[in-house]
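FYI, it's all coordinate maths here, none of it is from the lab. This structure is a prediction, so every number in the text was calculated from the model and none was measured. Backbone-built Cβ (ideal geometry, glycine too); neighbour counts: all protein chains shown.
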């Protein structure tokens, strides 16, 4: 009677354990892939919001300066690094839109992060 009860006992075989570990591995890989995707999305969003903040502050600074006539006003600058935002550089380009009397300038601010263009912001400055 004792031998019969031992034979009828069911346990986990090696094959079942390997299959369970494989299923658990697939689930873990899918979870980690989703986690990496969300971390990358957060990084991109942070980079863009920082660039937006820097571009808006640069634009407000340029627009607060007095209007300067000529082909290259003093507020036109290239590749300025920002101490508040390490790794970010900004450039300010000025284009004359009304050449006979130079009354309208198009101000374009380009923000780069580690030499990669992140954001371009354009606005107009008018002589008043």
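What to note about this one:
- For the stretch 75-88, the criterion of a residue being touching a strand residue (DSSP E or B) at 6+ places or on another chain (Cβ under 6 Å), surrounded by 10 or more Cβ atoms within 10 Å (Cβ to Cβ) and closer than 14 Å to residue 121 by Cβ is satisfied by at least one position.
- Positions within the stretch 93-128 being more than 25 Å from residue 45 (Cβ to Cβ) and in a strand (DSSP E or B), in sequence order: 93, 94, 95, 96, 104, 105, 106, 107, 124, 125, 126
- Residue list for the stretch 89-120, restricted to those being touching a residue at least 12 places away in the same chain (Cβ under 8 Å), under 14 Å from residue 50 (Cα atoms) and surrounded by fewer than 17 Cβ atoms within 10 Å (Cβ to Cβ): 114, 120
- Residue 41 meets the conditions (1) within 15 Å of the chain's Cα centre (by Cα); (2) within 23 Å of residue 126 (Cα to Cα) in every case but one. The failed one is (2).
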